[in-house]
Every structure is written in C-alpha cells, then in structure tokens.
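Here is the structure we will look at.
The values are calculated or read from the model by the stated rules, or taken from the named source; none is laboratory data. Keep in mind that what you see is a predicted model, and the values were worked out from it rather than measured. Cβ placement follows ideal geometry from the backbone for every residue including glycine, while neighbour counts extend to all protein chains displayed.
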Amino acid sequence: MSRRVLKKIRRFSLTDPLADQPDHALVGVITMPETAVSPLRAIVKRIIGALLALTATVLIVYVDRDSYTDSAGDGLSLLDCFYYATVSLSTTGYGDISPVTQSARLINVLVITPLRVLFLIVLVGTTLEVLTERSRQAFRIQKWRSKVRDHVVVIGFGTKGRAAVKTLLGDDGVEPNRIVVVDPDQTALDSAGALGLVTVHGSATRSDVLRVAGVQRARAVVVAPNRDDSAVLITLTARELAPKAHIVVSVREAENVHLLKQSGANQVVISSETAGRLLGIATSTPRIVDMVEDLLTPESGLAIAERQVEPGEAGGSPRHLSDIVLGLVRDGVLYRVDAPEADAIEPGDRLLYIRKVTPAAESRP
C-alpha cells in the first residue's frame, strides 16, 4: 500500500494549482471566522454612511454654488444644495417634472429621498453586500496567510476531529483563529466555523489544499480522517510539506501503525483497539473505565497534565513529590516513573502528573 501512496504523492506534488491562486480566488475555499453583528447595528451603520456621503456632497456643492444654476435663475440656496445632492446620489437625475417651490423640495428631501434610499437598499443591497463580503473575505485571507505561524491544522472534523478541537480550545487554551480545519464536507466546515475556527474546503490528500491551510508553517497537524489509507496519504503529504511539524494520526487498525510511523507520524492513536480494550475492561471492572474517562476529561475531576520541573525539585525523586507523577520527559524521551532514568529529577525535565481540575462553576466565589 505504501508504494501506491507514494505514487499518489508524486502525482499530486507535480501541480499545486490551488496554492498558486491569488487570495481573492480562495474565497469559498478558505473561510475566516465572522464576528456576529446584529441586523439593527448593520442598518444603522449603512444609514450613517449614507448621511456622511450626503453631507459631503452638500458641502461641495454649497462651497461652489456660484457655478450652479437652477430653472428659476436665482442661484442656489442651502436647501437647493440638499435637493441637488439627494437627486444626484439617488441616481434620479433631472426629468420633465421637478419641484420648483421650497416646500416641494423640502418634501423631496425629507420624504421622497428616504423612500428612494429604502427602495435602493431593498433592490441593490443584497448584491452590494455579497460583493463587499467577498472583498472583505479576500482581504482577511490575504492578511491571515501572510501572518499565520505555529498554528494547528486539524484534518477531518468528524467525531475524532471535533474532540481534538474541543481539547485544544479547552485544556490547551489555543485561540480559535489558531486552528485550521480541513475537510471536504461543507456541513462539517460550517460547524467548525461556528466555533470561530478557520476552515479550508478540500481533500487533504492534495498537497495544494494543505499548502493553502499553511501546513508548511504549522506547529502541529492532527490527522483524523475516516479511512486508514487516507490517513497514510495525508501523513506522507503533510510530512513532506512540514518536516518539523508534530504530526498526530488516528487510525482504526493496529496493522497500519508501522505505515504511519514510516510516513512521518510522531504519534499514532489506535481508536478501535483502544475503545475495544475499554469495552472489555468495563465488563469486569467498570470503575477502571470511569477513572480513565475522568483522566481524559479536562473539564472536571482528575486530568493528566504536564509541567516544567521547579528549581527546588531537581535532584529529588519524582515519587516523593506531592503530585502523583506518572513519568518524566527528558530530551524528548518519555520515561515512566519506575524507570531507572527517572530515579532523580534533572533540571530541564518535564513531569507528567495527575492534577485536580476545579470546574468553573465551583471556582467562582
């Protein structure tokens, strides 16, 4: 299977049409999270903008009013300037019927023009909003692509991908705009966008899609597709683009773990076998499963965490600390607490320990 995957990688790497597209062409492929704005506020902003444009036009005409004339031939008053500005901005122009008295022109300014503007908003507003939104999205995509660094790319927003994002947002405290979700399913992307995540529409087996997601500058990549062969191909592509990224992959079958390791995965999680073991344990000792679930749930109870060794702890044994230490990480290598290398803590080590999590509701006074 690995030879077939490598052939696909070579074929996809020959062309990167999507990654070479200008930013405005990526609108609809990349979706930036939106800030919710109430309809009333949006309408008020539009009215203010229209009033500012009208005021500026009136001032321009009034300052240069000697260059204008009307049908009466008596020059332009301030009210005349308002009238000229309103009919000009509303694209009405001059017809064979035009108000000549001051009262008629006042009615045109106060009544007819608001009705005309309302008509234009209803008729043209949707088209203008779509064009404006597309331009705004293109600008935000350009800004995001130029600045995004050290983010997390989550490939697949199914059950596993959603759980990974939930952990990143909750326990790890990652900002939503620092997470990019890649998925070919628009419904899944809409769910991710509702959480404030950046989304990329497309298949992650294509290197150009991964380039658009900024995989080459990501600090971590979570690969959680529905198929193991897709996971292998995605991992190969991601590792080729991002040699230094930390790649974590979920697979269903244990027999594919060695393929993913060879493809460049740093860690592989076997979802089906892990769930199967928990199911087997639950038949005889269900409380063990409850404890495992507690450790894996960061919101409350107990959780597995990692921290830096404090200066006063160096030289001592991790078994003598007040925290329940499970192991330590030294130079990127994990040693269990019962390993000989973990007998004495060294400066620069990191401890894996069990910490108590206080729910937010309980922590409030």
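General remarks:
For every residue, the table says whether it meets (1) touching a Gly at 6+ places or on another chain (Cβ under 7 Å); (2) in the same structural domain as Lys166 (by TED's automatic domain parsing); (3) in contact (Cβ under 8 Å) with a residue 12 or more places away in the chain; (4) within 19 Å of Val251 (Cβ to Cβ).
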residue: Asp190; (1), (2), (3), (4): no, yes, no, no
residue: Leu197; (1), (2), (3), (4): no, yes, yes, no
residue: Val209; (1), (2), (3), (4): yes, yes, yes, no
residue: Pro225; (1), (2), (3), (4): yes, yes, yes, yes
residue: Asp229; (1), (2), (3), (4): no, yes, yes, yes
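- Selection status of Thr235, in the same structural domain as Gly264 (by TED's automatic domain parsing), in a helix (DSSP H, G or I), modelled with pLDDT under 90 and closer than 29 Å to Glu306 by Cβ: no
- Filtered by the rule that a residue be closer than 11 Å to Val153 by Cβ and polar (S, T, N, Q), the stretch 201-259 gives a lone residue, Gln216.
To keep it simple, each residue is scored yes or no on (1) closer than 19 Å to Ala245 by Cα; (2) in contact (Cβ under 8 Å) with a residue 60 or more places away in the chain; (3) surrounded by fewer than 20 Cβ atoms within 10 Å (Cβ to Cβ); (4) over 13 Å from the mean Cα position of the chain (by Cα).
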| residue | (1), (2), (3), (4) |
| --- | --- |
| Ala138 | no, yes, yes, yes |
| Gly158 | no, yes, yes, yes |
| Val165 | yes, no, no, no |
| Leu169 | no, no, yes, no |
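- Residue within the stretch 270-278 that is surrounded by 14 or more Cβ atoms within 10 Å (Cβ to Cβ), within 29 Å of Gly156 (Cβ to Cβ) and among the polar types (S, T, N, Q) present: yes
- The numbered conditions (1) over 24 Å from Val152 (Cβ atoms); (2) touching a His at 6+ places or on another chain (Cβ under 6 Å) are all true for Val289 except (2).
- Yes/no for Asp183 being among the charged types (D, E, K, R), over 10 Å from the mean Cα position of the chain (by Cα) and surrounded by fewer than 18 Cβ atoms within 10 Å (Cβ to Cβ): no
- Top-ranked residue of the stretch 310-333 - restricted to ones that are in contact with a helix residue (DSSP H, G or I) (Cβ under 9 Å, 6 or more places away or on another chain) and part of a loop (DSSP other than H, G, I, E, B), ranked as nearest to Leu352 (Cα to Cα): Leu321
- Identity of the residue in the stretch 176-232, charged (D, E, K, R) and either touching a strand residue (DSSP E or B) at 6+ places or on another chain (Cβ under 9 Å) or assigned to a strand (DSSP E or B) (or both), that ends up nearest to Val257 (Cα to Cα): Asp228
- Of all residues in the stretch 274-294 being among the small types (Gly, Ala, Ser) and under 34 Å from the mean Cα position of the chain (by Cα), the one that is nearest to Ser250 (Cα to Cα): Ala275
- Residue within the stretch 295-309 that is over 22 Å from Lys356 (Cβ atoms), aliphatic (A, V, I, L, M) and without any contact (Cβ under 8 Å) to a residue 12 or more places away in the chain present: no
- Hits in the stretch 239-265 - residues which are over 23 Å from Val212 (Cβ atoms) and either surrounded by fewer than 18 Cβ atoms within 10 Å (Cβ to Cβ) or within 24 Å of the chain's Cα centre (by Cα) (or both): Arg252, Glu253, Ala254, Glu255, Val257, His258, Lys261, Gln262
- Subset of the stretch 252-288 (residues that are part of a helix (DSSP H, G or I) and in contact (Cβ under 8 Å) with a residue 24 or more places away in the chain): Asn256, Leu259, Leu260, Gln262, Ser263, Ser271
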